[in-house]
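> My structure is below; once you've seen it, I'll send some questions.
Please treat every number below as a calculation from the coordinates, not as lab data. What you are looking at is a predicted structure, and each value in this text was computed from that prediction instead of being measured.
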């Protein structure tokens, strides 16, 4: 029987917990990057009925405080900002969710009543309700017979 005597060094990184911790931190550090801000351009769905235009877009992870809507010179502007936060008491090792900002504008037609626009954030979707002016809504004309 042949027996090999394998020379083992007296020091390996598994014998030194500080070294193991350093290696793990180095590996995790290589993955950890600060989130980059990117421009986000959400896709909108636009619907209408006789009295209102409805614009809908996904806004996952946003709250009412993250959104800003304004109207100036018949331009409706939507601004949003999402900055993922760390949980209290924890240090993030890897962040794959990036922060983003968006700035989207819509030119409003003369048939929109800007004073009565409403916005609702519900289940991760932003709903914008743009009422049509009374004078632009269809008027039913009754048809009578002889």
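> Counting pairwise Cα distances across the range 73-146, what percent come out greater than 16 angstrom?
Result for the distance tail: 70 percent.
> Kirkwood hydrodynamic radius, the range 104-146, all distinct C-alpha pairs: what's the number in Å?
When all Cα pairs of the range 104-146 are included, the Kirkwood radius is 13.2 Å.
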